[in-house]
Amino acid sequence: MIQTKSSPASAEIVDAISSFLASPPEGTPVEIIEAFDAFGSMQHLPPKLFLETVEQAPVAISITDPTAKIVYANSAFELLTGYARGEVIGHNESVLSSRSTPDSVYEDLWDSIKRRKVWRGTLVNHKKGGEGYLAELVVSPVLDNQGAIAYYLAMHRDITELHQLERRLSFQKSLTEAALDAAPMVVTMITAERKVLLDNHAYKALLGDFRGMEPAEMFLNALEQQIGFDLMSACRAGEGFTNIDVRLDPSGSASPRWFICSGVRVAELDDAAQSYFRQPEQTRCCLLLTAIEVTGSRRRINDARLNMLRTSIAEQQMVQTMREAISASIFKLQEPLNIIRAALSMPETGADQNGLRQALRHALQSSDRVMESLHAALPSPTAEQMTTVNINEILHEVVRLSTERLLASGMVLDWRPAAVLPPMIGRTNALRGLFKYLIDNAIQAVNESRRDYRELRLQTRLVNRELVIEVIDNGPGINEAMRLKVFEPFFCGWRKAGTHAGMGLTLAQEVALGHDGGVEIDADFHGGCRVFVRLPVNGAGGGLSDEPG
Ligand code: FAD
């Protein structure tokens, strides 16, 4: 039977619905109240007006008896389902079921509404033509004057497109994540406040390798140090960067890692309602950072370089040993010559002494000639250009060059570099030599101490634009009285001097001074020796002059 708008049954429904709206059950969605309360009041409406409101509501509305038999359906229902109301009135709402909603959902629906509770959920319905759609449904019980369920009021809308959009979005998200995770490079999105918004597998692996230290923070610090990159202004002004070489030094004994980094600014669209028509001028921006790890190839290049270095260091050492030997001879010869000079400057007293003076004069002349030839034989120090150097890199190279000696001495290396150090301008070979002297001394000291546990600790950090390098050993240490003496030329305090000429610390100090820095021994350190090397970042090399070292 087709119910018309003016039938007596309609009046009955209107009555029931009006009293339902006068005191809606707890949880009744506002949409239902709004749809029926078009005139803004909760009082009883004239049936004609009420039906007009419901009729014109843009959402599919149906009213059923307590067994879900449809007694009323509005125009939006007809439009959405394709059924004319005459075709569904008198039928169960199940006419809309596509038979693919699980029973448990219906059980939940019925369980709620029978307990006079509002039910909200999603069902798979089908239209008259058989086309399936997703129905977002709200069912509210309508009670009669005695509190018994008189009707059920249902509102539903088609959310198929929304669902498809969500699915597509979630597919796109999975696709993007899978692509990012499969990418053989580190990818991360960083906000202007340095928060990581998004990352991939390679990034997470790095986080594990760096023992929880945020890689994004390390990359940003390195880029700040190396190219003066400023995340805030990059996010504001849109400046990115491409192919910047970055070296990270995780603490502990792990080796350095090298990356080639690029960054682009990505603007985030404001999804606030008020920004629907016009995006605000100040949109949030992030930095998309990609970092390709090149540690393997850098290590191979460095290995080859290290072999070349070994050869050149051996040659340099030979020349240095010669310099030291000749300098030592000059130094030692100077003393008797000074005595002869002093004797000759004394006043003449007798004939016998005339002969002696004659002999002394001859000795002095021939010694002066020997001194001259010794000076001429002294190999001149090699000239070295100033270049950009990374102290962590140099120290690491020296450690690798000393590996055999460290192992032979049973020493444990505690390598604690600053994760990122700014480059300085300096003489690479000279600086390498400086650290080689200090590390050689540490090995010698520990060997002389005959300790069971032998340790060398290397630490680097940046303090007020000054690179501070600590070389610490747990050998016998250097006492207060010797702290300055050990820097004197040809001073040798080792029990077994061997080939040591006592020039190591002198030369190390000379190199540091040549870089406007210094080497000093920590007087307050106990349990070994701690040597501080201080090298200003903008020291002597700041001007990139090419004076010899
Ligand atoms: P049914 O045998 O009818 O029901 C399946 C399960 O539902 C049963 O096992 C039982 O647990 C429960 N159930 C059914 N009827 C009752 C009852 N009278 N009392 C207690 N439990 C019961 N279904 C849709 O698929 N699409 C709709 O858009 C939709 N709109 C609805 C609107 C209203 C206002 C109401 C009250 C129900 C609506 N339903 C809708 C549910 C519908 O009435 C059916 O229960 C459902 O479609 C399943 O029908 P069925 O023939 O597959 O199985």
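Per residue, what accessible area does the stretch 325-419 have, given a 1.4 Å probe and all protein chains present, in Å²?
Dividing the accessible area of the stretch 325-419 by its residue count gives 60 Å².
Set the Förster radius R0 to 45 Å, insert the Cβ-Cβ distance between V319 and K204 as r into 1/(1 + (r/R0)^6), and round the FRET efficiency to 0.05.
After rounding, the FRET efficiency stands at 0.35.
Hey, could you pull the Cα Rg and Dmax for the stretch 88-156, both in Å?
Every Cα atom of the stretch 88-156 included, Rg and Dmax give 12.8, 41 Å.
Short version: ³J(HN,Hα) in whole Hz for each residue of the stretch 400-415, in order, from phi by Karplus 6.51 cos²θ - 1.76 cosθ + 1.60 (θ = phi - 60°), x for Gly and Pro, what are they?
5, 5, 9, 3, 4, 5, 5, 5, 4, 8, x, 8, 9, 9, 10, 9
Using θ = phi - 60° and the Karplus relation 6.51 cos²θ - 1.76 cosθ + 1.60, list the HN-Hα couplings for the stretch 103-115 in order, rounded to whole Hz, with x at every Gly or Pro.
Using θ = phi - 60°, the values come out as 4, 4, 5, 5, 4, 5, 4, 5, 4, 5, 5, 5, 8 Hz.
Could you compute the FRET efficiency for R168 and E217, with r as their C-beta to C-beta distance and R0 at 51 Å, rounded to 0.05?
On the way: r = 35 Å, r/R0 = 0.69.
It comes out at approximately 0.90.
Stretched out fully, how many nm does the piece from V399 to S367 gain, at 0.36 nm a residue minus the Cα gap?
Details: separation 32, 0.36 × 32 = 11.52 nm, distance 4.37 nm.
Answer, rounded to one decimal: 7.1 nm.
Take the Cα atoms of the stretch 232-318, build their convex hull, and give its volume per residue in Å³.
Spread over its residues, the Cα hull of the stretch 232-318 gives 151 Å³ apiece.
Taking every DSSP beta bridge that has both residues in the chain, what percent is antiparallel when rounded to the nearest 5?
Rounded to the nearest five, the antiparallel share is 95 percent.
At 7 Å along Cα-to-Cβ for each site, give me the label-to-label distance between A481 and K332 in nm.
Here the answer is 2.5 nm between the modelled labels.
For R454, which sequence-distant residues (separation of 5 or more, or a different chain) have an amide H within less than 5 Å of its own amide H, given hydrogens modelled in the peptide plane?
V412
Suppose the chain between R236 and A359 were pulled fully straight at 0.36 nm per residue; how much longer would it get relative to their current alpha carbon spacing?
35.6 nm
As an exercise, use a Förster radius of 41 Å and the Cβ-Cβ distance of A273 and N145 to find the FRET efficiency, rounded to the nearest 0.05.
0.45
Only bridges with both residues in the stretch 393-548 count here: give the DSSP antiparallel percent, nearest 5. Each step should come with its number before you reach the end.
On the way: 20 of 26 bridges.
Looking only at bridges with both residues in the stretch 393-548, the antiparallel portion is about 75 percent.
Taking a Cβ-Cβ separation under 4.7 Å as the criterion for a possible partner, which cysteines of the chain have none?
Those would be C261, C286, C492, C529, since no other cysteine Cβ in the chain comes under 4.7 Å of theirs.
Quick one: with all protein chains in place, what share of the accessible area of the stretch 219-260 is carbon or sulfur, to the nearest percent (1.4 Å probe)?
44 percent
Let me understand the stretch 387-536 better: what is its radius of gyration from the alpha carbons, and its Dmax, in angstrom?
According to the Cα coordinates of the stretch 387-536, Rg and Dmax are 14.5, 41 Å.
Write out the trypsin sites (Lys or Arg not before Pro) in the stretch 95-181 meeting two conditions: DSSP loop, and at most 10 other Cβ atoms within 10 Å of their Cβ.
Qualifying residues, ordered by number: R99, R115.
Kindly provide the helix-only [θ] at 222 nm of the chain, computed as the sum of -39,500 (n - 2.57) over DSSP H runs of four or more divided by all residues, to the nearest 500 deg cm²/dmol?
Helices in the chain give a 222 nm mean residue ellipticity of -14000 deg cm²/dmol.
If amide H atoms are built 1.01 Å from N in the plane of the peptide, which residues on other chains or at least 5 residues away come under 5 Å of the amide H of Y83?
Here K128 satisfy the definition.
From the square roots a ≥ b ≥ c of the eigenvalues of the alpha-carbon gyration tensor of the stretch 70-207, which class results: rounded (a/c under 1.5), prolate (a/b over b/c), or oblate?
prolate
The chain: D in µm²/s via Stokes-Einstein (Kirkwood Rh, Cα pairs, 37 °C, 0.692 mPa s)?
Reported coefficient: 102 µm²/s.
Taking just the alpha carbons, could you work out the radius of gyration and Dmax for the stretch 305-450, both in angstroms?
Answer for the stretch 305-450, Rg first and Dmax second: 23.7, 78 Å.
Helix 47-56 versus the longest principal axis of the chain: what is the Cα-based angle in degrees, 0 to 90, to the nearest 10?
With rounding to tens, the tilt is 40 degrees.
Could you sort H362, H163 by accessible area so the largest value comes first, with the probe set to 1.4 Å?
H362, H163
With all distinct Cα pairs included, what does the Kirkwood hydrodynamic radius of the stretch 217-279 come out to in Å, to one decimal, could you say?
Here the Kirkwood hydrodynamic radius works out to 14.0 Å.
For the stretch 313-328 and the stretch 88-145, what is the separation of their C-alpha centers, rounded to whole Å?
Taking the Cα centre of the stretch 88-145 as reference, the centre of the stretch 313-328 is 96 Å away.
Would you mind counting up the charge near P489? Only other residues with Cβ under 12 Å from its Cβ, with Lys and Arg at +1 and Asp and Glu at -1.
Taking every other residue near P489 into account, the sum is 0.
From the phi angles alone, apply the Karplus equation (6.51, -1.76, 1.60; θ = phi - 60°) to the stretch 181-187 and give each ³J(HN,Hα) in whole Hz, x where the residue is Gly or Pro.
5, 7, 5, x, 9, 7, 10
How much of the accessible area of the stretch 394-549, in percent, comes from carbon and sulfur atoms when a 1.4 Å probe is used?
Working: 3600 of 7170 Å².
Here it works out to 50 percent.
Sequence-distant or interchain residues sharing an amide H contact under 5 Å with V389, placed H: which?
Excluding prolines and chain starts, which carry no amide H, the hits are M424, I425, G426.
7 Å from Cα along Cα→Cβ at both N538 and E107: what's the point-to-point distance in nm?
If labels sit at N538 and E107, their model points lie 7.7 nm apart.
For the ranges 210-222, 280-292, 100-112, what's the packing order if you count other beta-carbon atoms within 10 Å of each residue, average per peptide, and put the highest first?
210-222, 280-292, 100-112
The values are calculated or read from the model by the stated rules, or taken from the named source; none is laboratory data. Every value quoted in this text rests on a predicted model; they were computed, and no experiment measured them. Note that we place each Cβ from the backbone using ideal geometry, even for glycine, and neighbour counts take in every protein chain shown. Heavy atoms of the whole protein, side chains included, go into the accessibility calculation; ligands, DNA and RNA do not. Shrake-Rupley method; radii C 1.70, N 1.55, O 1.52, S 1.80 Å.
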